[in-house]
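Novice: Starting off with a structure, shown below.
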Amino acid sequence: MFSHALKEIRQKRNWRQKDVAQITGFHLHSIHKYEINLRKPSWDFLVALVEKGKVDPRELFYCGTGDTKKAYARVRKKKSVS
């Protein structure tokens, strides 16, 4: 779920919601609503997060376990086996 991924990305980088708002150019209230899953992010927000925030786009899809590195490892392992 994106809301979990965004929060994990933010916490991993020691960003506050205010920092994400400043980096992306989106309002603080929007960031809060994305994190509590009351609003879905726009394409523009995702692009800003990736480009301006230097976030790997894959991080937007792996979440919930608190450890995206394990998820990356599983994907890479599956690709190398195929």
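Laboratory data are not the source of any read-out in this text; all were calculated from the coordinates shown. Every value quoted in this text rests on a predicted model; they were computed, and no experiment measured them. In this analysis, Cβ positions are derived from the backbone assuming ideal geometry, glycine residues included, and neighbour counts consider all displayed protein chains.
Novice: Kindly indicate the residue of the stretch 24-49 that is among the polar types (S, T, N, Q) and surrounded by 15 or more Cβ atoms within 10 Å (Cβ to Cβ) and also farthest from Met1 (Cα to Cα) among those meeting that condition.
Specialist: Selected residue: Thr24.
Novice: What helices (runs of 4 or more DSSP H) completely inside the stretch 2-43 contain at least 3 residues that are charged (D, E, K, R) and under 20 Å from Arg58 (Cα atoms)?
Specialist: Filter on the stretch 2-43 gives 2-12.
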